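Heads up: the structure comes next, in structure tokens.
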Number of protein chains: 2
Amino acid sequence: MASLSSFLLLLILLFAITLASSAASVKSYFPGIFQSSLKKNGKNLKPKIPYEAHYFPQNLDHFTFQPKSYKIFYQKYLLNSQYWHKGAPIFVYTGNEGDIDWFAANTGFLLDIAPKFHALLVFIEVSQILALKPLSIAWSYWFYGESKPFGKNSYKSAKTLGYLNSQQALADFAVLIRSLKQNLSSETSPVVVFGGSYGGMLAAWFRLKYPHTAIGALASSAPILQFDGITPWSSFYDAVSQDFKDASLNCYEVIKSSWTELESISKEGLAELSRDFRACKKVSSIYSARDWLWEAFVYTAMMNYPTESNFMKPLPAYPVKEMCKIIDESSPGASKLSRVFEAASLYYNYSQAEKCFELEDETDDHGLSGWNWQACTEMVMPMTVSNKSMFPPSSFSYKEFADDCMKNYGVRPRQHWITTEFGGKNIEQVLKRFGSNIIFSSGLQDPWSRGR
Amino acid sequence: MASLSSFLLLLILLFAITLASSAASVKSYFPGIFQSSLKKNGKNLKPKIPYEAHYFPQNLDHFTFQPKSYKIFYQKYLLNSQYWHKGAPIFVYTGNEGDIDWFAANTGFLLDIAPKFHALLVFIEVSQILALKPLSIAWSYWFYGESKPFGKNSYKSAKTLGYLNSQQALADFAVLIRSLKQNLSSETSPVVVFGGSYGGMLAAWFRLKYPHTAIGALASSAPILQFDGITPWSSFYDAVSQDFKDASLNCYEVIKSSWTELESISKEGLAELSRDFRACKKVSSIYSARDWLWEAFVYTAMMNYPTESNFMKPLPAYPVKEMCKIIDESSPGASKLSRVFEAASLYYNYSQAEKCFELEDETDDHGLSGWNWQACTEMVMPMTVSNKSMFPPSSFSYKEFADDCMKNYGVRPRQHWITTEFGGKNIEQVLKRFGSNIIFSSGLQDPWSRGR
């Protein structure tokens, strides 16, 4: 990964996460689709990375001044100073909705360019404390990240989750960067922020809100226009479908018509379906298979790189084309469902290591489930499936979504908040008048490219 | 008040408030000086203004998403639509640390220019709820403003005051403006924000943080550089003193040396001092007299307009010159203290309506005391008195200040927060690269002019 383009392509896939977890909260509109998403790595989760972990004492809440706002949590960040010359630039990766080690391990671009700029590299985890520990214990628990002190229920309480949002994350970055520069006596070092997917939105917004701190931002695959009706709600799934259509019209049509085959399976047929799908355990619903297929197509579209990659799963170069080849070249007598199963197996088992598939596994290996909370509060990104798509049609209702959020978290989404806080409408005009040094990049095949 | 310059001059004086109330929290460094500040209008506080009052349901906390963050308070704003054509600009006055009616009554500039632009005029009170009332009761209680449900103790609790800060105020503006434009079907109307003193800082920061909402800002007498050591701590009192020196060197010297005369008065001399100062009630300390004099010189410097004015108090044109004339022309045998008393009387009694002076009155007629809280949390503006000044020398210690804040409010100031959140260091460079359409204006005699 020595080139900018490979970095950008890599970042594109980071947004996989966003989709997986946000859709979980609109499950009633995409029934069950993402229940099993992003959770089946099951391998060693601690990648070896050339960074040193640090923990920064951060105020819990930057925007109120109650005594409890002053509680300290320890924000994890990673440092690489092997190329660093004092006074040289500081490149800050603004973290995503998951474990920062994982993103650092999959972001080679900063390491590639660090020697040229003698840059200090900093990866900051987006994190807010759940359990507040005294300063002397240099360890903590994050909303996003490796530790979840309250287990699966960590994400259930709006009281603790209330601080997990983009504005607090940006302020965390600003406070940490200021302190770091002061400690390094490098106040004049220019800071450039880098991010992809949700972290790309944070990078762009950081440059917009803290231009005195960052002189530029590279925001990759950052769909800052996916809010409040700016981008059509169907754009994401239209784009995924277009990727498959571009690879092969037949492939697109087989996938599109496979869903009715799946839906015709009765309760009695679940045992056979489980065998056909090589499920490790018998599935309890056809929707488990549907989720599993859906996820394979969506993530493969998001990771449709011209090179082999290994972020969510190991994948070949041009995986969409490879999937379609499987569908197009299968025996003419095979059912559509068996053909899409074989195609999806490419996503789940390119490494050939899987003996069976966990279709109903809900393990969250990358600490991602906080996103459901964010989707139910500020990050309201409505999605529908139009009839141009290869997925089964689906609509979106703010009211139903809000009711669901109320049920799950006790709060309602603030539908207009992101555009009120960060803008988005007429963004070209706004940025032309006021703004500079923000690169929005993503490949045109990236399903998120339509929202930025 | 038909000209821009008179508007600007007028706005300069708005910052009177900032000083008065912020200094109260550094009382140990300016002993007792501002105890009695800004409180002696005592007249009818409801000015007649050509605006209609409205109340906007606002979320209590924009930056957390706990159930209580969603509590509604009613933010007061004033509207004048008599010149308004749909689609024409919207001029928004971003309120100050006091009752919005009072600021509207003293800001004629917007009314002067509204006909030319067919502009809608909106004055928004900076407010956060203390007591949360159901939506049906279109009335509420603000941090700043006319109502104080808990009386003098409203400002004592960090729990309720925690939401009173500049970031929440800016977000309030953004949410209110978005909703107002939508309700008026005038989404394309350009918004320009106007403000003076603390409200001027808010106007500038609003343009910086919400460029998608406001296309420009007129920030008058807005000392956004008065933080974190950017401007020398002694600058404010140096500037006040320079104003008097410019009017008359003798005047400056008489005031400078009057303090030792005052301090030589023993407890037994307080009765005579009270008579000499025409106090309505016998003063309990020489510091009451000192506060009273100090306030007169500071506010007169801030309101040193070339025209008569009546914001804090009725004053003649060029009041500093008038004060110095009193000192310079007093009989040679008069004591320095009696000469500065006569000068200060110009400030307190230009209208000749006062039979005696309330030297120890602590009534807060303009709803200003929330500022003490802000000074103890985010708005940390250290001030010292240097020996170039005509005031008695005074130093500043962050530690002592923080200890005082802890004692009074249970929280410590976030010393670097304002510059972290809004910048300030190297501001020219930052604004050159990223920023536009912000006019920072103030007269050079404005004591706040050195901090912007």
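Read the figures in this text as sums done on the coordinates, not as results from a lab. Keep in mind the model is a prediction, meaning the values are calculated, not measured. Cβ coordinates were reconstructed from backbone atoms using ideal geometry, including for glycine residues, and neighbour counts include every protein chain displayed.
Ratio of region A:200-309's C-alpha Rg to 2.2 N^0.38 Å, to two decimals? Please list the in-between numbers first.
Numbers: Rg = 19.7 Å, N = 110, 2.2 N^0.38 = 13.1 Å.
Compactness ratio reported: 1.50.
A label point on B:His85, set 7 Å along the Cα-to-Cβ line, lies at 6.0 nm from each of its counterparts in the other copies, closest listed first. Inter-copy label distances at A:Gly269, shortest first and taken from points set 7 Å along Cα to Cβ: 10.4 nm. Closest approach of a chain B Cβ to the axis relating B and A (residue, whole Å): B:Phe63, 2. As a rough guide to protection, the peptides B:194-201, A:424-431 ranked by mean Cβ packing within 10 Å, highest first, stand as B:194-201, A:424-431. Peptides A:275-283, B:380-388, A:298-306, ordered by how many other C-beta atoms sit within 10 Å of their residues on average, highest first, read A:298-306, B:380-388, A:275-283. Distances from B:Lys407 to itself in the other copies, using label points 7 Å out along the Cα-Cβ axis, amount to 5.6 nm in increasing order.
Under 5 Å from the amide H of A:Asp99 lie the amide H atoms of A:Gly145, each residue being 5 or more positions distant or on a separate chain, with H modelled from the backbone and absent for Pro and chain starts. Between B:Lys267 and B:Gln82, the FRET efficiency from the beta-carbon distance, with R0 = 56 Å, is close to 0.40.
Taking amide H as placed 1.01 Å from N in the peptide plane, the amide H of B:Phe194 sits under 5 Å from that of B:Val92, B:Tyr93, B:Thr94, B:Leu218, each at least 5 places away or on another chain.
Note on region B:355-442: Rg/Rh from Cα positions, Kirkwood definition for Rh, rounded to two decimals, is 1.07.
Per-residue shielding of A:64-74, expressed as the average number of other chain Cβ atoms within 10 Å of the residue Cβ, stands at 6.
With a cut-off of 11 Å between beta carbons, the residues surrounding B:Phe236 carry a summed charge of -1, where Lys and Arg count +1 and Asp and Glu -1. Taking a Cβ cut-off of under 11 Å around B:Ile215, the surrounding Lys, Arg, Asp and Glu residues balance to a net charge of +2, with basic ones at +1 and acidic ones at -1. Under the simplified labelling scheme, the A:Asn437-B:Ala53 pair shows an inter-label distance of 4.7 nm, with each label point 7 Å from Cα along Cα→Cβ. Each pair of Cα atoms in region A:411-452 enters the Kirkwood radius, and Stokes-Einstein at 4 °C and 1.567 mPa s then converts it into a translational diffusion coefficient of 104 µm²/s. Packing, as the average of other Cβ atoms within 10 Å across residues, places the peptides B:62-69, A:322-329 in the order B:62-69, A:322-329, highest first. Mean per-residue shielding of peptide B:320-333 is 0, counting Cβ atoms of other chains within 10 Å of each Cβ.
Dipole check for region B:331-421: with +1 at the C-beta of Lys and Arg, -1 at the C-beta of Asp and Glu, and the Cα centre as origin, the magnitude is about 500 Debye. Once you reduce region A:220-272 and region B:51-88 to the center of their Cα atoms, the two points are 41 Å from each other. Full extension of the segment from B:Ser351 to B:Leu444, taken as 0.36 nm per residue of separation minus the current Cα-Cα distance, would add 30.8 nm. Ignoring aspartates and glutamates fewer than eight residues from A:Lys325 along the same chain, the ones with Cα atoms less than 12 angstrom from its Cα are A:Glu342. Alpha-carbon geometry of region B:278-432: the Rg and the Dmax are 19.1, 57 Å, given in that order. Shielding of peptide B:421-427 by partners, expressed as the average count of other chain Cβ atoms within 10 Å per residue Cβ, is 4.
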